[in-house]
1. Can you tell me which residue is surrounded by the fewest Cβ atoms within 10 Å (Cβ to Cβ) among those in the stretch 206-233 that are closer than 17 Å to Ala247 by Cβ and touching a helix residue (DSSP H, G or I) at 6+ places or on another chain (Cβ under 8 Å)?
2. Out of the stretch 27-85, which residues are outside any helix (DSSP H, G or I), at pLDDT 85 or above and hydroxyl-bearing (Ser, Thr, Tyr)?
3. Any residue at all in the stretch 320-334 that is among the aliphatic types (A, V, I, L, M), at pLDDT 90 or above and over 28 Å from Gly113 (Cβ atoms)?
4. If a residue must be part of a loop (DSSP other than H, G, I, E, B) and closer than 24 Å to Ser225 by Cβ, how many such residues does the stretch 246-280 contain?
Amino acid sequence: MRVLLRDGLVLGVLTAVCLAATGILSQAGFHETQHVYVVIDRGISFSEIGDRFESSGLIKDGLVFLVLGRVFGIEHRAKAGRYRFAGGSNMIDILHTLYKGATYRERVLVRPGKTIEVIGGILSEHAAIDSVSFVSLCRDSTFVSGLGVPSTTAEGYLFPDTYDIEWRENAESVMRRMVKSFFKAFDDTLHAQAERIGMTVNEAVTLASIIEMEAMLDEERPKISAVFHNRLRRGMRLQADPTVRYALKKWRGRVLYRDLKFDSPYNTYKVYGLPPRPICNPGLASMIAALNPIPGSKALYFVAQGDGSHYFSTNSGEHLQAKGRYKSYLKTVEAQRKRAAEVARQDSITKAETVVDPGNPKKPESMKETGQLKDGVGGTR
């Protein structure tokens, strides 16, 4: 109670002093509504902090800011981090915020299906987290094991969610929170189901990670799970394209026949069973599906249909027919792409000729064709 009264008294006096100096503390951009961000690095002086606020346009007089900060002890309370202020904030708002150490926390969304490298990039982009340190920590088997993760890396155990993250927050702190969120999501119910069907946590998460990369529709996750469970029971290779992509770090373009020969424990076209570890960080829906395949399914194959859904087959003959339909679909899409590209090319030539000489449709020398359009490589989704 005494602490609250003391802090309240300090803030009250601070407000009174600031109001008495309204002419000095009023800001030029009072009616501005955009936000201004100011970063306070660890170890910088309060004088430097004042300089940053002054250069940002939030305050007009750095000397008054410095004096008030020292009088009320704010220079020793200002917490390092990133602060956000409305463009019209005045010195009262700023000093109150610094006194409370109310740094701005970025809301960072991590979607399902991202690898640790991609997540590191997201954290770096949105919260200035050191991505190199983050990825290195995720691959530190000793540290990962200390968090209770049943694997040698954190791949698969960084739970996709929205996180409130401090600007330049310690990579270890962020990673700990993401792993903690995983164990909260993979609760006792999922643990019990994994035991019931004879899967370890790492096997369940590994299968979930493959399902996450294969499924585009939520309702198909249990169906895809059933295919993989059926193949595992029969001793068949999973033959999942995403595992090849993970092995090759090939995230764009089609998986080619030569890619399937790549020697890796993650290449499920060559090895039997599940990969040794997850290939991405799956969401809760995929983890539930991995442990709850659709009952009664006898499907052993599935192939994309071009609209996000898959066609499921129980035998190789039916599967080959489905693959043929999908290849025809891809050819149609590619032909349409080429036609659209040619139309766009012709339009651009026509426009250029009109600009060069509206009365002379002859193609200028600089626009004569020197080669053919290079066909792009299409994806399978």
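1. Met213
2. Tyr37, Ser45, Ser56, Tyr83
3. Yes; the residues of the stretch 320-334 include at least one that is among the aliphatic types (A, V, I, L, M), at pLDDT 90 or above and over 28 Å from Gly113 (Cβ atoms).
4. Qualifying residue count for the region: 19.
The values are calculated or read from the model by the stated rules, or taken from the named source; none is laboratory data. Everything numeric here is computed off the predicted structure, so don't read it as measured data. Neighbour counts run over all protein chains shown; Cβ positions are idealised from the backbone, glycine included.
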